[in-house]
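The values are calculated or read from the model by the stated rules, or taken from the named source; none is laboratory data. This is a predicted model, so every value here is computed, not measured. FYI the Cβ positions are ideal-geometry reconstructions off the backbone, even for glycines, and counts take in every protein chain you see. Surface areas here come from the heavy atoms of the whole protein model, side chains and all, with no ligands, DNA or RNA. Shrake-Rupley method; radii C 1.70, N 1.55, O 1.52, S 1.80 Å.
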Amino acid sequence: MSAVADSVAAPEGSAEPHHFRRILTIWIVLSVVADVLFAFLVGPHVPPGRMSDTATSDSVDFTVLLLIALPVLIGVWVYMLYAIVMWRSTRPGVPEPVGGPAARGNLRVQIIWIATTTVVVLSLFVFGTVELAVTTGSGGGQGPSPLWTPSSATILPVQVIAQQWRFTYRYPTFGNFETPNLMLPDDTTIEFHVTSLDVIHDFWAYQIGVKADANPGSDNVAFTTTKQLGVFTVRCDELCGLWHGAMYDYGKVVSKSAFEQWAKTTETQLAPLTATLPAFAYTYTPDANGSDGGFYPDTKDPYSSVETYGATKPNS
Ligand SMILES: [Cu+2]
């Protein structure tokens, strides 16, 4: 530290103040104040909130990243403002800017710089990787064979089926009914099985901290445990065609008893429709209409010539 200070400070015997120590002190004080204020004032409000264990974990991760980023930001600003105030050419008594001691070849400065930045970056890398791995994989989709599974005694499976341009939800433990309403019980571990019937989509249940790609022919599993009653937003987060922006709805976390009642009532109400659905499966090939594995039947061209770019007149 002293070597760095010496390299930045003025020569012995001059009236110049010890700039490096001053900058260091200002930086430490401002960083501590900013971090404490951030932790107490902003921390509790960092998105996505506390509606589930994965949401809480995500909020804590964002808070930690910002607590580390703030001192870096403040370091740059403090140095810049200090230089503008102290070393501007119009300031009386400021010596000609002839350049200080060279950083090149200054082994201590180089070692401190490389060591500090390496430690910061590697620590964040380890922290981020561990946070992705612990408990439930941070609410992200883990593919068909999840590496990290929750230890909860009871787990409610819910299938998310995406298609242009809506989500529907299937409940395999309640007679496999399918509904556009996403209802979840509170204080329960949910095992989402996310898939698509057509193009790529992404199931992003924002306030419960779940985000998983919905790919055709693929069963993408994501876990979360609900912790709060309330409404959450579901958005498609993968550009999936013309009405992608309109592909959203709202899910709801309700009490366990309210959920049981809703699920059983819906199961009974939808039973005639459920009987016409394909059997529950983790992926579906929408070829019931003879499309031979594709979404559209072989005999039908999905694209009207009216919509073809360059067509001179509508198809008659
Ligand atoms: Cu979509």
Trypsin sites (Lys or Arg not before Pro) restricted to DSSP loop in segment 243-280 with at most 12 other C-beta within 10 Å: none
Centre separation in Å (Cα based) which lies between segment 214-229 and segment 156-172: 10
Rough spin-label spacing in nm, given labels placed 7 Å along Cα→Cβ, for Val36 and Val134: 2.6
Sorted peptide list for 244-250, 182-188, criterion being average Cβ within 10 angstrom, highest first: 182-188, 244-250
Segment Met86-Gln110, extension gain: residue separation times 0.36 nm, minus the distance between their alpha carbons: 6.2 nm
Fully extended contour minus Cα-Cα distance, from Glu260 to Trp77, at 0.36 nm per residue: 60.3 nm
Sulfur and carbon atoms: percent of accessible area, segment 193-246 [1.4 Å]: 58
DSSP-defined antiparallel bridges as percent of all bridges, segment 92-213, nearest 5: 55
Apportionment of accessible area to carbon and sulfur, segment 50-187, percent (1.4 Å): 70
Per residue accessible area of segment 123-232, 1.4 Å probe, in Å²: 39
Computed over segment 69-167: relative contact order in percent, which uses C-alpha pairs under 8 Å that are six or more apart: 10
Spacing of the two label points (7 Å from each Cα toward its C-beta) at Arg22 and Ile155, in nm: 6.1
